[in-house]
Amino acid sequence: MFRESDAAAIRRCVPDPSITLPKIAVPTVLVWLGSAAAWAAATAVVLSDVTRWWVAVTIPIQAFVTFSMFTVLHESVHHAVSRLAWGNQLFGRLSMPFVSLFGTFPMFRYIHFEHHRNTNEDFHLDPDAWSAWGPRWQLPVRWMAIDAWYCRFYLTSIRRRPRKEAIGFLLNLIVVIPLVGALIGVGYGWEFVLIYLLPQRIGLGTLAWLFDWLPHHDLGVTAKIDRFHATRIRVGWEPVMNPLLFYQNYHLVHHIHPAIPFYLYVKAWKNTEADYLDRNVPINTAWGRELTASEYRAWRESTSWHDAHTAAEPDRRERTRFHSLPIAEVRRLTAKSVSITFDVPPELATLYRFHPGQSIIVRANIDDQKLRRNYSICTAAGSGVLRIAVKQLEGGKFSHYANTMLREGDALEVMPPSGQFTLTPARVKGRNIGAIAAGSGITPIISILASALATEPRTHATLLYANHDRTSVMFGSELSMLARQFERRLRITHFLSRSASAEATVDSAIAPASYERVEAGRLTVDRLALLLKPGRGGLDAVDQWYICGPEELTKAVTNALTAHGVPDAHIHRELFVSANRMKFRDNAEAVRSTVTVTLNKATIQLTAARNESLLEVALRAGIDAPYSCNSGACGDCKAKLLLGNVHMEPNYTLTEADVADGWILTCQSRPITDVIHVTYDRQKTKTGSRTRHGYPDSKLPSLSVGLGGKPEQRQVVTHDDARRHQVKTANIAL
């Protein structure tokens with residue numbers, strides 16, 4: 001039960017934004033000077049000839065001056081213009097006439113403090129609540145007459161106000177009202193309307209809408225109950241919204257820290273963001289969609305604004321280092337699969353932040369053998385939850401251990417997220433995403449779909465998910481929840497190969513509805529081709545495709561999409577292949593070699609036996625070299641060949657440009673010269689990001705790349721069975 005003592009504690013505990021208030025807020029002073037100059041220029045234009053068409057320009061300018069001068073007035077009320085009391089008094093009084101002739105600075109200060117004290121109370125207590133009261137058709141009129149309501153509100157309290165303040169207000173009315181009448185009487189009525197009355201009404205209407213109605217309407221919580229839920233912020237389009245709204249899109253920050261200058265609201269929010277999100281404060285996008293704290297985190301993760309305001313990514317050394325993470329939960333998904341949720345400590349939160357579709361390498365000591373496996377993260381980016389799913393395979397040591405022995409409270413060694421099968425940033429307001437998954441191929445797909453739909457309000461998605469039967473569907477309830485949450489924006493079709501009819505498969509895990517349905521039988525190329533026809537499945541309008549499953553299915557689906565005219569750059573795929581299929585062939589060219597390995601700025605010289613891979617050489621010597629699949633599939637063992645020649649077996653991750661630049665997969669590379677030097681410390685090249693798009697099957701040329709001006713110092717000989725696809729070792733068996 002929520003008690004008043006709890007509410008009082010919430011009101012008292014205000015996060016420290018760690019901002020030093022300036023002696024004088026220079027941007028605020030510049031706003032006043034610029035606004036005054038703009039008003040004077042527009043006024044001069046109108047007075048020169050009121051009949052000319054340019055009044056259509058001067059009216060918006062002077063309306064905006066009302067808005068900008070209100071910002072200075074507002075800052076003055078909260079002593080945010082200067083630490084000196086007289087400085088705030090000066091700018092407050094100089095700004096007031098541009099906002100409203102009928103009020104005074106002390107009057108407005110009282111009115112505004114009543115709003116802060118009684119936020120979202122009845123409009124007789126909170127004067128700004130008048131902007132949201134009554135029928136909606138009245139609201140624009142109320143907004144444009146907000147100063148009239150302020151005067152009435154003040155008059156009802158005038159007997160309780162200091163005598164000097166009350167007399168000043170009444171004298172102002174006595175002077176201003178006759179003055180306006182005199183201007184009209186001597187023939188300047190039209191100029192008064194064009195220069196002042198009309199622009200001011202437009203400006204005040206905009207102010208009441210942006211300052212009063214948008215931040216507070218329909219919240220249903222008052223400041224006396226919880227200050228953190230009585231006002232909202234609006235996120236998105238910050239480069240436009242921040243200067244245009246004078247940062248009032250972060251209005252909640254102002255209510256929590258009213259003395260902070262407006263141009264520091266975003267900084268204050270970022271400095272205390274975690275505290276705000278822990279309180280689940282009201283957040284809307286710029287266009288009005290409500291966001292939960294987890295949705296906000298996911299949304300920020302996908303925006304360039306967030307990237308520009310966060311710390312730099314950890315270096316490669318940190319990215320290839322294991323950390324022991326405790327297990328928060330092991331949950332049974334199906335009879336042969338579990339999900340594993342890790343408890344990431346706060347100091348590692350940035351390091352383990354991930355992009356949708358990425359994966360982690362986990363390591364465990366099982367039967368005195370250290371095993372590594374690569375698993376996709378199956379939660380939305382920015383959710384703060386690091387979770388994988390492990391499907392038990394026949395003969396699979398790690399998958400058997402995870403499904404039968406791993407418990408909450410245990411720990412696994414986990415490498416930070418990596419991988420290139422990720423959601424590409426949206427370049428438009430909305431897009432159509434198509435996803436095809438089979439078995440445990442759903443793990444990166446569910447992350448991609450959840451992240452895209454949560455952060456892109458106009459994006460639609462379709463998922464085709466293939467399994468044997470209803471008992472093998474992983475994340476069935478989670479998918480149904482997503483489909484309900486994003487109804488009309490997410491459609492799911494389940495294909496169950498061992499079911500004779502769709503009706504026989506219906507249960508609570510796969511509930512048929514307008515957003516989710518079940519099809520009996522396999523997902524075949526013919527079925528996909530039928531869905532790709534215009535008007536049949538809606539898939540003809542898909543902008544980006546994401547495919548994850550066994551090699552045979554992925555190839556067939558890719559060929560079908562290509563035949564339908566989908567550009568290869570719009571097809572993102574991740575294959576699951578068995579490591580047992582990747583066997584190194586004895587090579588007559590392989591020789592014993594002296595191998596120099598550089599890792600984490602340390603260099604060691606080793607001896608490689610004939611037909612021993614460079615990775616095997618490093619691991620045998622106790623070097624903690626990065627790797628996962630040991631089959632040329634994941635790309636985690638990638639290193640730069642600095643000296644010598646190697647023969648590289650199947651390569652599913654490096655592009656031709658990568659190989660030309662000297663990159664190799666050490667698990668698949670055998671020395672064919674007496675001296676070899678490789679380094680794991682070089683950063684990934686830009687061309688490597690292309691691997692997620694796929695490339696046509698072709699034999700990579702043997703390369704001879706000079707090093708230090710000497711020809712034929714470095715050579716990578718590749719095998720013609722290599723495929724240019726993004727691949728991952730499988731925990732799938734369909």
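Assorted remarks:
- Alpha-carbon centroids, region 344-374 and region 204-223: separation in whole Å: 46 Å
- Accessible-area composition of region 163-312, carbon plus sulfur, in percent [1.4 Å probe]: 67 percent
- Neighbourhood charge, 14 Å Cβ-Cβ cut-off, centred on Thr66 and excluding it, Lys, Arg +1 and Asp, Glu -1: 0
- Burial ranking of peptide ranges 443-449, 172-178 (average Cβ count within 10 Å, highest at the top): 443-449, 172-178
- Share of Cα-Cα pairs in region 320-410 lying beyond 21 Å, as whole percent: 27 percent
- Protein accessible area in region 20-147, 1.4 Å probe - carbon and sulfur %: 74 percent
- Accessible area expressed per residue, region 386-491, with surrounding protein chains retained (probe 1.4 Å, Å²): 37 Å²
- Among the listed pairs Lys370/Lys391; Lys336/Lys397; Lys601/Lys640; Lys429/Lys555, those with a Cα-Cα distance over 22 Å are Lys429/Lys555.
- Neighbour net charge for Ala145 - beta-carbon separation under 11 angstrom, K R +1, D E -1: +2
- Peptides 97-104, 373-380 ranked from most to least packed, by the mean per-residue count of other Cβ atoms within 10 Å: 373-380, 97-104.
- Take the Cβ atoms of Trp287 and Val175, set R0 to 56 Å, and the FRET efficiency comes out at 0.80.
- Tail beyond 18 Å, pair distance distribution of region 58-197 (Cα, percent): 62 percent
- Calculated FRET efficiency for the pair Lys270/His468, C-beta based, R₀ 41 Å, to 0.05: 0.30
- Orientation-averaged projected area, Cα convex hull of region 121-221 (nm²): 7.9 nm²
- Subtracting the Cα-Cα distance of Arg331 and Phe192 from 0.36 nm times their residue separation leaves 42.9 nm of extension gain.
- Debye intensity ratio I(q)/I(0), log10, region 387-432, q values 0.19, 0.23, 0.30, 0.31 Å⁻¹ (C-alpha model): -0.78, -0.95, -1.18, -1.19
- Principal axis extents of the Cα atoms in region 14-69, from largest to smallest and rounded to whole angstrom, are 55, 21, 10.
- For peptides 480-491, 180-191, sequence by mean Cβ density within 10 Å, most packed first: 480-491, 180-191
- Within the accessible area of region 409-492 (1.4 Å probe), percent carbon and sulfur: 49 percent
- Share of pairwise Cα separations in region 148-285, more than 17 Å, in percent: 71 percent
- Accessible surface, region 73-203, averaged per residue in Å² (probe 1.4 Å): 51 Å²
- Kirkwood-Stokes translational diffusion coefficient of region 97-157, alpha-carbon pairs, 25 °C, 0.890 mPa s, µm²/s: 207 µm²/s
The values are calculated or read from the model by the stated rules, or taken from the named source; none is laboratory data. Note that the coordinates shown come from a computational prediction; the quantities given were computed from them, not determined experimentally. Quick reminder, even Gly has a Cβ in these numbers, built from the backbone with ideal geometry, and neighbours come from all protein chains shown. In case anyone asks, the SASA skips ligands and DNA or RNA and just uses the protein heavy atoms, side chains included. Shrake-Rupley method; radii C 1.70, N 1.55, O 1.52, S 1.80 Å.
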